[in-house]
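First comes the structure, then the notes that go with it.
Please treat every number below as a calculation from the coordinates, not as lab data. Quick caveat, the model's predicted, so the values are computed rather than measured. Because the Cβ atoms are built from the backbone with ideal geometry, glycine has one as well, and the counts that use them run over all protein chains shown.
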Amino acid sequence: MNTVFYISAAVAILSTAMVISRLNAIHALLYMIVSLLAVAMIFFVMGAPFIAALEVIVYAGAIMVLFVFAMMMLNLGQEAVERERNWLSPASWAGPVTLVAVLFAEFIWIVSRTGGSLPGGGGLGPKQVGIALLGQYLVGVELASMLLLAGLVGAYHIGRRMPRTGEENEASRAGISIKQ
Amino acid sequence: MVRGDFFILLPLIITGGAAVAVMLLISFRRSHLATATVTLVALGAAVISVICVAAAAPRQASALLILDSYALFYMGLIFAAGCAVTMIAYDYFERQTDHREEFYLLLLLATLGSAVLVSSNHFASLFLGLEILSVSLYALIAFHRERLPSVEAGVRYLILAAASSAFLLFGMALIYLERGDMTFFRSTQIASGVPAWSPLLLAGTALLIVGIGFKLALVPFHMWTPDIYEGAPPPATAFIASVSKGAAFVLLLRYVTLFGLHSGSVQSAAIAAIAVASMFFGNLLALREEKVRRVLAYSSIAHMGYLLVAILAAGPLAAVAAGYYLVAYFTSIIGSFGIISVREGREGGGDAVSDYRGYAWRHPWLGGAFTAMLLSLAGIPITAGFVGKFYLLAAGLESSLRLLVVVLVASSAIGLFYYLRIIITLYGPPEAERQGAAITPAVSLAGGVALTALTFLLIWFGAYPAPLLRLIQAMVGG
Amino acid sequence: MITVPIEHVILMAAILFSLGLTGVLARRNVLFILLSIEVMLNAAGIAFVAAGARWAQADGQIMFLFILTMAAAEVAVGLAIILQYYRHTGTLDVDAMGGGRR
Amino acid sequence: MLSLLWLIPLLPLAGFLSIVLGGGRMRGSMVALIAVGVVGLSAAMAAAVAIRFIYLPPAGNSFTQTLWTWIPATGFMPEISLRLDALSLVMVTVITFVAFLILLYSAEFMGGDEGYARFFAWMDLFVASMLVLVLADNFLLLYLGWEGVGMCSFLLIGFWYRDSANARAARKAFIVTRIGDAAFVVALFLIFTHLGTLTIQEAAARASREWPVGSGLAVAAAALMLAAAVGKSAQLPLQTWLPDAMAGPTPVSALIHAATMVTAGVYLIARANAFFTLAPFVQWLVAVIGAVTLLLAAFAALVQCDIKRVLAYSTMSQVGYMFLALGVGAWSAAIFHFMVHAFFKSLLFLGAGAVIMALHEEHDIFAMGGLRRALPGTFWAFLIGAASLAALPVVTAGFYSKDLILLCDWTSKSGSVWLWAAGLAGAFLTAMYAFRLVFIVFFGELRTKPGRKPGFRMGAALAVLAFFSLSAGFIQIPPDIVNFSPLSELLETSLPRLSAVSVGTQTEALLQAVAGLAGLAGIFFAWFFFRHPALVERLVLTPLGSAFRRLWLEGWCFDRAYDALFVRPYIRLAEINKDDCIDLLNRTLARACESMHYLLIGTQNGRVRQYAAAVTLGAIVIIALMVLL
């Protein structure tokens, strides 16, 4: 089982590295799904089968599909890939990588001073999670519904398309309100 | 969950219920007035319910929320601020494009998130409250989806807030990994045999500070402020500047108080460094800024830095000082953005300091109110801001935080410059073409009532602070 | 079930987190930035689940559920804002945004 | 009734606020109604409080009303509290009453001025500040009132600010009194640091307990307060601002620069009498300053040509009398003179205002003349005022108050014959310049045809003030005439009694006769010179005469001396020292702030990825600080 973990971890890390470095958005998205599946695998072997299923269904299934929709609406073609190539010169990676490397070094230092291991055992199935969720976390569930409501209303309001002309486009750039 | 829990959660239930009610109302009939009225009534009812449930406090409602007098006081403040923002928003959106009703729905949700934040006692509720607030704010900031600056501000806030949420989450995970419990109390208290500060716990706390520091716009997480303040609709900015920051601060204060910050420890040194940097950076950034909203954005960075002094001072007086300062700050900043909003709605035009030239001559009431707000922000006597700053200084001196107090005074002195610059411009000779072009009425009823009330409170809290002080002492001092 | 040391799991989460952060800092395309943020959130979720597994509690998994909820809400609003941004400017480049000291 | 004390200062403040907030939309008559009405109500309140206080004295003959504590903090409790005792009662009653009459007069006098609402707003604010000043229970609140009246004085002197000369006069008044104010602040710090309280009574009690007589601290505190009083009350050496302050509208001169604000110094010394008792040298200095000022100002008043400047110098001189009384410990005599002076001096100013108005803004007395028939009402009012000023025996109020001061100079243990002689000489000169004014303005031939005559409101104010200028003295009649002195009995409940050497009734009567004769002689000389202008001409043409005339006309050339001694050297020094190290430091600081600003503002470039990088950097640094350190 431990081998499964290490293999899944390697797959997740590699595919995530691909996600952030791809030029084509669809490719990145596919790597992201691979990464999420690998993480689901890890959840499974860590004794969280419920979460593993949700990772596949909600994350890889629903949220990523949202991205797919967005990309379809944007309809980015080959020129987008070319643009990405221009934006992503090797030099442009230097700064971010250095910064994150330092942060990561700190993480390693911290983690290396931490002990303990996973207890093994049977893990926690959907039943235990469900009991806790609708028991002491009930308020949290209600709040999560409010969070979704905020997301829903926000997306509805912002996302609505409005008919506009080029002139109004110019006006909006200047930050002038458009009077009907 | 038992019945008592439902009772004590009444303020939150009212706000959440109102959000649903407003949603249904919008789907049946779009009416700006009706939506705003329902929102105002709901928030007013929430304020009243806070007073009603105060007798039952303190009570732990499930593992997630604690409704003690500390939480209830700030909840009341948040709801009251929500009322003021609603009235200002009504004034503003009455002259704006269609589909403005969603603003109130999102405002209610954001208020709910802030209220959860101040009463949270568990990482889960902290996270959920923060995210309800954030997600509503993305939409509130980008609310003018037909204007590019507003959308750009939304993109900025989205990226930065989501990234900092990730930091916050990672920090919480590290603390949970170390302590095996996510309630504030148990995750901060030292169990026997466990080293007080393991690296993991420290790192988790540091990441937590990153997440909260972003919401508070403390240096170096402050950079989003001016762009967001400038791009968002003014009523939304008023909300971000007051409620969003205030709630995050209240949470931080609760968390740090549980830790029992020792002066001289590395943790307090880190926070002190942030405080000093925020005070100086905020005031220096605002110094020669040409746009009023950006000036206020930079100044808010400094104000959060001042408030950190109360966290570091740690003591009963510090809690009272923080409470007073927050009330004063809420009043002045909502009032300031209220006037900016009223002016923008009526006169349009840019937001540069020079656009305010002679404003006080065109609209003496609004100009006078704005003057009072700015003086309060600058901390001039007979305004609430002075009393707040006075107590912050007193709290700092009591805990002998000499360096911080000196920095506070010195940076406030720098701050005077830009506040006074705006005030002088307000009373400057009006431009020729603007002269006599006063638009009447200068403000609608809702906006007028809100601004008058805020100005009145500002002077009242500055000249006669005793009642408010007693209230704060009773609620957060004990 | 696995018996790997806990620090390995956390390290893996930290690596994912760092990769996501790198993406946020390095990419200019807003869509990629949003994707990278999802990576970061996912990494935090892994850390929570691992921590829950360490203490044999359901709390870690529940936190993951909430993170999932938040990610969904955020992506919904986020993509809507990004679409609007694209409609206004015809680009997804964050560096093309105005603002700052104009 | 006494618990409504807070209404007395609040009413004018409310008037000020309502005029400021709504004045732009109100009609003039509405503004006047509010402004005069609130002060009238305030005066009525004061009268009611006074009746209650006199007939049913509160315990301890004082009443303290603590409204609230401004900012409670350990060791510092700045309370907003009012204290009513005999001293503040007299002050409040006189201030509200005189202010009401003057405002009533102004409602007509200022008619048609474009700054009508502004004028009344400032006037109401002034009255409110003045009432806060006299009612304050602690030095902090007193200081608030002190600065408030100073500000209103500045605003009202420069009321017609379009004329730069008026603005200059306002600035001069502000700067010169500022010197005294600065001393006052230092005195407050000294009292607070050494006595640990700012409450006046408490500080006085502690000072009497802890400081020995003549100790350095007591002398310093008293001297600093004296400096403050000298500035506000236009006494030597800070008197130069008062004649120029006449640039303001005449009612302003009447209210602020004659009746009320200039006597704030007198009030301060009387209020803080404990400190002066502890510093006998400073108290002696008070008397000397008073004596010298009253003489110098009286000489200056003799030759002035501007009607208001005569009155300004006269005010200076009369306040000098009050200082003289304070200096010898005759506290209640000083307050008595303050009261009487408030009546007759505001009467004189208002009368002068009526004349100026009738003659179309003419201030030169030699362009007036013969107005006795043209303006009979004004003439009689002015005559009564001048008689009271000249202390015409028995019938005028001025006689009783001035006589009391002279008597106290003679009898007080700290008095001396020299002080008495100075006062007597002053009485002679006062009568002379007062009646010189009356004769030149109202007698002789008509030189300018008068225009607008005072109407009902101005006339009523003049009549009431004239009545009190005559009758106010009867509440304090010397024992050798009738033993009737309710005022000093009242005042002695809050002020120490004069420690006097007892002299016989005959000596007293003799002193009175001498004082009365001095006044009469002054009037006679004024008449004599008026009837023999050639004599005056000859006198003035002698080298000595012309020199003195010039000297006096310029008020003993203090302005020129100060200009040469202080102002010019200071300006020159400032010019030479423009780039001194302190300036350099300031400028460097400002530059440093500015360059820091430009340095930092570069980071606010709108690049969201750089913002995110800053967040990351912050996380790195905080983790490093907290974990690795």
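Just a few scattered comments:
- Shape of the stretch D:477-629, Cα gyration tensor, a/c cut at 1.5: oblate
- About its Cα centre, the dipole of chain D is roughly 1000 debye, where the only charges are +1 on Lys and Arg Cβ and -1 on Asp and Glu Cβ.
- Nearest-20 debye value, the protein assembly as shown charge dipole, Cβ charges on Lys, Arg, Asp, Glu: 1280
- Put simply, the amide H of residue B:315, placed in the peptide plane, has no neighbours under 5 Å, leaving out anything fewer than 5 places away on its chain.
- Eigenvalues of the alpha-carbon gyration tensor of the stretch B:339-405, scaled by 5 and square-rooted, set the equivalent ellipsoid semi-axes at 34, 12, 9 angstrom, largest first.
- Segments D:261-271, D:150-160 sorted - mean Cβ within 10 Å per residue, highest first: D:261-271, D:150-160
- Dividing the summed helix terms, -39500 (n - 2.57) for each DSSP H run of n ≥ 4, by the number of residues in chain D produces a 222 nm estimate of -23000 deg cm²/dmol to the nearest 500.
- CD proxy at 222 nm, helix term only [per DSSP H run n ≥ 4: -39500 (n - 2.57); per residue of chain B; nearest 500]: -24500 deg cm²/dmol
- Restricting the calculation to Cα atoms, every distinct pair contributes to the Kirkwood radius of the stretch D:579-628, found to be 13.5 Å.
- Gyration tensor (alpha-carbon) shape descriptor, the stretch D:44-150, a/c threshold 1.5: oblate
- Anisotropy class of the protein assembly as shown from Cα gyration tensor, a/c 1.5 cut: prolate
- Burial ranking of peptide ranges D:118-126, D:346-354 (average Cβ count within 10 Å, highest at the top): D:346-354, D:118-126
- Averaged over peptide B:459-471, the number of partner chain Cβ atoms lying within 10 Å of each residue's Cβ comes to 2.
- Sorted largest first, the principal axis extents computed over the alpha-carbon atoms of chain B equal 76, 55, 42 Å.
- Acute angle (nearest 10 degrees) that the helix B:199-216 long axis makes with the longest principal axis of chain B, alpha-carbon atoms: 10
- The mean number of Cβ atoms from other chains found within 10 Å of a Cβ in peptide A:94-101 is 6, as a whole number.
- Between residue D:581 and residue D:189, the C-beta separation translates, for a Förster distance of 41 Å, into a calculated FRET efficiency of about 0.95.
- Between the listed residues B:468, B:418, B:338, the Cα displaced farthest toward the positive end of the dipole of the stretch B:261-478, a dipole computed from Cβ unit charges relative to the Cα centre, is found at B:468.
- Dipole magnitude of the stretch D:290-531, debye to nearest 20 (Cβ charges: Lys/Arg +1, Asp/Glu -1, about Cα centre): 720
- Helix runs (DSSP H) in chain A reaching 24 Å along axis by Cα, Kyte-Doolittle at least 0.5: A:2-21, A:25-45, A:90-112, A:138-159
- Neighbouring partner chain Cβ atoms per residue of B:273-281, average, 10 Å criterion: 2
- Along the axis of the charge dipole computed for the stretch B:261-478 (Cβ charges of +1 for Lys and Arg, -1 for Asp and Glu, origin at the Cα centre), the listed residues B:378, B:443, B:352 are led at the positive end by B:378.
- Degrees, to the nearest 10: C:6-26 long Cα axis against longest axis of chain C: 0
- Stretching residue D:394 away from residue D:7 to a fully extended chain increases their span by 135.5 nm, per 0.36 nm per residue minus the current alpha-carbon distance.
- With Cα atoms, 0 to 90° folded angle of helix B:102-119 axis to chain B main axis: 30
- Of all lysines in the structure, the ones whose alpha carbon falls short of 19 Å from that of residue D:172, not counting any fewer than 8 places away in one chain, are D:232, D:308.
- Simple label model, 7 Å out from Cα along Cβ direction - residue D:502 to residue B:95, nm: 8.3
- Annotation: amide H-H contacts under 5 Å for residue D:80 (H modelled 1.01 Å from N, sequence separation of 5 or more, or interchain): D:67, D:68, D:69, D:70.
- Ordering D:165, D:187, D:429 by the projection of their Cα atoms onto the charge dipole of chain D, which places +1 on the Cβ of Lys and Arg and -1 on the Cβ of Asp and Glu, puts D:165 at the extreme positive end.
- Note on the stretch B:13-109: Cα-only Rg and Dmax are 14.7, 45 Å.
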